[in-house]
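Asks: Got a structure for you, questions after.
The values are calculated or read from the model by the stated rules, or taken from the named source; none is laboratory data. Just so we're clear, the structure is a prediction, and the values are computed from it rather than from any experiment. Backbone-built Cβ (ideal geometry, glycine too); neighbour counts: all protein chains shown.
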Amino acid sequence: MKKILVTGALGQIGSELTENLRSTYGEDNIIASDIRRPEQPAGIFEEIDVTKEKEIYEIAKKYNVDTIIHLAALLSAKAEAFPKVAWEINMGGLVNALEAAKELNLKFFTPSSIGAFGPSTPKDNTPQDTLQRPTTMYGVNKVAGELLCDYYYSRFGVDTRGVRFPGLISHVTAPGGGTTDYAVEVYYEAIRKKTYTSYIAEGTRMDMMYMPDALHAIVQLMEANPDRLKHRNAFNITAMSAAPEHFAEAIQKHIPDFKIDYQVDPVRQGIAESWPDAINASAAKEEWGFEAAYDIDDMTADMLDKVREKIKRNSA
Ligand SMILES: NC(=O)c1ccc[n+]([C@@H]2O[C@H](COP(=O)([O-])OP(=O)(O)OC[C@H]3O[C@@H](n4cnc5c(N)ncnc54)[C@H](O)[C@@H]3O)[C@@H](O)[C@H]2O)c1
């Protein structure tokens with residue numbers, strides 16, 4: 001990768017990824033884009049609505065990029081509230097981005113999700129290649145997207161690559177309406193109120209990862225030797241399998257009187273129960289050396305520090 005266009009760059013992943021890419025590949029080589037404008041633009045920014053057929057193509061051509069990192073999407077909980085809009089953004093946007101990559105001969109990354117699995121998928125140690133019959137609009141989009149990326153590789157030779165992200169935990173930009181958002185909120189509430197009411201039930205395990213590991217995985221996969229890749233898209237990756245009480249226990253090591261209680265949201269709980277408890281990431285390890293650096297305790301120590309500083313800064 002030398003010159004990269006990022007779509008959905010103002011979101012939870014994109015806001016940190018563009019910064020990270022700018023420091024590695026150079027300020028002028030990263031073109032951030034989103035459907036909305038940033039409050040404080042830093043670096044090159046272009047407005048792109050990914051559902052408009054030619055917008056990605058035109059900006060990719062204008063800057064002569066060699067890679068598209070396609071992040072624009074509607075996430076799981078929002079997609080259940082607006083399924084038709086989700087289809088238009090998640091599928092329409094993806095095919096427009098893939099067409100631009102095909103026309104301009106670009107490398108291409110887009111994330112799938114643990115949401116691409118469904119209730120009939122093996123729940124524990126979920127294999128890389130397994131049954132995928134998701135029951136949510138987001139899941140339907142993600143499975144179709146995985147297949148579409150494989151198709152553009154095998155049919156047109158587009159260098160498509162991707163991972164299935166677990167729930168991502170970060171402190172820079174708030175998550176955009178996913179099922180695992182509780183795992184971010186819990187840190188803010190722990191610092192503000194020493195208590196958190198979880199909309200996900202006790203005992204509901206899902207895969208999770210701290211943002212620095214997610215950013216590292218994107219770059220590592222995109223820079224991996226293609227000869228080693230047996231899979232290309234939708235690599236299972238994970239750092240931890242955790243339920244709300246595990247976050248509470250990790251936080252109590254720093255804030256001993258922190259308490260968690262539960263008021264379950266049936267929609268998000270239903271989505272969570274349709275997903276795996278713990279996925280197997282061995283294909284990503286073998287084919288491109290994926291390894292997560294943060295476990296739940298390392299992540300919790302860092303999140304509490306960063307969120308505390310952020311709250312202090314915002315209230316100063
Ligand atoms: N965050 C997670 O926990 C997680 C987990 C698994 C997979 N993913 C995947 O990673 C990708 C990015 O996720 P995220 O968490 O950064 O999402 P996000 O919701 O935080 O950000 C998405 C961005 O897309 C933009 N967008 C929406 N519609 C658009 C359009 N029509 N044109 C251009 N931009 C548009 C939004 O303004 C937003 O800035 C998505 O494909 C998502 O499914 C995320």
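Asks: Could you tell me whether any residue of region 72-92 is more than 29 Å from Thr136 (Cβ to Cβ) and in a loop (DSSP other than H, G, I, E, B)?
Replies: Scanning region 72-92 turns up no residue that is more than 29 Å from Thr136 (Cβ to Cβ) and in a loop (DSSP other than H, G, I, E, B).
Asks: While we're here: Specify the residue that is nearest to Ala239 (Cα to Cα); the eligible residues are those in region 84-116 that are within 8 Å of the ligand (Cβ to nearest atom) and among the β-branched types (Val, Ile, Thr).
Replies: Out of the qualifying residues, it is Ile114.
Asks: Right, another one. In region 20-43, which residues are part of a helix (DSSP H, G or I), free of Cβ contacts under 8 Å to residues at least 24 places away in the same chain and surrounded by fewer than 16 Cβ atoms within 10 Å (Cβ to Cβ)?
Replies: Ser23, Glu27, Asp28
Asks: Among what's in region 243-259 and is in a helix (DSSP H, G or I) and of a type outside the set (Gly, Ala, Ser), pick the residue that is farthest from Asp277 (Cα to Cα).
Replies: Out of the qualifying residues, it is Gln252.
Asks: How many residues are in contact with a Leu (Cβ under 6 Å, 6 or more places away or on another chain) and more than 16 Å from Pro166 (Cβ to Cβ) if we restrict to region 95-135?
Replies: 1
Asks: Oh, and also: Do you know which of the residues in region 148-198 that are touching a Lys or Arg at 6+ places or on another chain (Cβ under 6 Å), part of a loop (DSSP other than H, G, I, E, B) and closer than 19 Å to Ile114 by Cα is farthest from the ligand (Cβ to nearest atom)?
Replies: Thr179
Asks: Take the residues of region 49-80 that are more than 21 Å from Thr160 (Cα to Cα) and more than 12 Å from the ligand (Cβ to nearest atom): which is modelled with the lowest pLDDT?
Replies: Going through the qualifying residues, I end up with Glu80.
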